[in-house]
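First comes the structure, then the notes that go with it.
Each value in this text was obtained by applying a stated rule to the coordinates, not by laboratory testing. Keep in mind the model is a prediction, meaning the values are calculated, not measured. All Cβ positions, glycine included, derive from the backbone under ideal geometry; neighbour counts span all protein chains shown.
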Ligand code: UD1
């Protein structure tokens, strides 16, 4: 009988991670797959557009939990997901990344005794003030299969006492999606270039959405002011996350000489094309630190730490923290041509999801 695999996703970065895994499992015989969308992200440009662009199947169920405090959101996902699991019990649940949907689904599975696999396991920022760090720690402790993107993940899990037999170093599934999507993304460039008035390698791209950066108005205001200053040297595109949008409107920072294009959140393909041609990326996102390393585009990460250290040691990433003077200095240095040369980390080769499918197949055959 075919083993049933249930994928659970909820937020924008989850969609890029699940797509290649579904595809890789489809190519193996013997699996029935279902997809549940928790509804943590629900805007068209935070969710629907990704399903379309990534060729994801429509979810078999949408839990429509929406926004709320961490406790409310996590609890709502648990309550609704448990109902779904009780109706149809899968053989294995796969959860992705480090968002509230990830930990909520993993906890429900663990309590019902349903095996759960965590894709993107083992990453640690060692900063427990980040909600994602708590989500990672808990998800990894209760998962039966842990798929790590890089060797530091295995090392972190070993130190936390996780049984090595459960841990599989498979590489980075985000990069699988990037590799597959890049040709299509680059077809978007001429239209994007025209609408935003950009030239290859002569603009910067910024995103900000971490609560620690955007929830406090004074902090966000200092960041936007720095970005506007940098834009006098390098025009900047700033797709604004909904969380950031809630606050950015009340800022009074618009310099008359600033060259910042504020846009709505963009789809995956447009955004990938923008990263590819950027001279510089500034971000507090996790995934973009990886994508820029793969694309060999300089990245300044506006955080004090990263759970993706391989992007610093091997890649093009540089941590600038929340020191805006340092951000400006590093940005101007990159504009003057002083860039860090990176290498692509091992197993970030477009085949991570196939390795996951191999492990899942062996796991299912063992019963
Ligand atoms: C979540 C993840 C974060 C991930 C990010 C990617 C957690 C703890 N955080 O953060 O790790 O990097 O997604 O985007 O899971 N909102 C909308 N429309 C939407 C979704 C959200 O307007 O489609 C607004 C809501 O008002 C909400 C706020 O954005 O309160 C934040 O959304 P939420 O899902 O709580 O967390 P993110 O900041 O998006």
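Numerical summary
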| read-out | value |
| --- | --- |
| Principal-axis tilt of helix 324-335 within the chain, Cα atoms, nearest 10 degrees | 80 degrees |
| At R0 = 30 Å, FRET efficiency that the Cβ-Cβ distance of residue 201 and residue 325 yields, to 0.05 | 0.75 |
| Relative contact order (percent, whole number), segment 1-134, Cα cutoff 8 Å, 6+ residue spacing | 27 percent |
| Degrees between helix 131-142 axis and first principal axis of the chain (Cα, 0 to 90, nearest 10) | 20 degrees |
| The chain, relative contact order [Cα under 8 Å, separation at least 6], % | 16 percent |
| Approximate spin-label separation residue 182-residue 155, in nm, with each point projected 7 Å along Cα-to-Cβ | 2.7 nm |
| Shape call, segment 51-121: gyration tensor on alpha carbons, a/c limit 1.5 | rounded |
| Rounded FRET efficiency, nearest 0.05, which uses the C-beta distance separating residue 232 from residue 62 and R0 of 35 Å | 0.20 |
| Two-decimal Rg/Rh across segment 84-129, once Rg and the Kirkwood Rh are taken from alpha-carbon atoms | 1.03 |
| Rg(Cα) / (2.2 N^0.38 Å) computed for segment 306-367, rounded to two decimals | 1.76 |
| Per-pair calculated FRET efficiency, R0 = 22 Å: residue 215 and residue 261 via Cβ, rounded to 0.05 | 0.40 |
| Two-site label geometry, residue 112 and residue 32: point separation in nm, points 7 Å out along Cα→Cβ | 1.5 nm |
| Segments 69-77, 298-306 sorted - mean Cβ within 10 Å per residue, highest first | 298-306, 69-77 |
| Segment 197-347 - percent relative contact order, Cα under 8 Å, separation 6 or more | 24 percent |
| Extension gain, residue 129 back to residue 2 (0.36 nm per residue minus Cα-Cα distance, nm) | 41.5 nm |
| Among 213, 317, 100: highest mean-square fluctuation, GNM of the chain, C-alpha pairs under 10 Å | 213 |
| Mean shadow area of segment 152-303 over all directions, Cα convex hull, nm² | 10.5 nm² |
| Per-residue [θ]222 nm for the chain (sum of -39500 (n - 2.57) over DSSP H runs n ≥ 4, rounded to 500) | -14000 deg cm²/dmol |
| Extension gain (nm, one decimal) between residue 313 and residue 362, 0.36 nm per residue minus Cα-Cα | 14.3 nm |
| Within a Gaussian network of the chain (alpha carbon springs, distance under 10 Å), most fluctuating of 60, 349, 152 | 60 |
| Cα pair distances exceeding 23 angstrom across segment 1-127, given as percent | 27 percent |
| Between 0 and 90°, nearest 10: helix 173-186 axis offset from the chain longest Cα axis | 50 degrees |
| Gaussian network model of the chain, springs between alpha carbon atoms under 10 Å - residue of 278, 226, 104 with greatest fluctuation | 226 |
| The chain - Rg and Dmax from Cα coordinates, angstrom | 20.1, 66 |
| Segment residue 333-residue 137, length gained on full extension (0.36 nm per residue, minus Cα span) | 66.9 nm |
| Global form of segment 192-280, assessed from the alpha-carbon gyration tensor, a/c cut-off 1.5 | oblate |
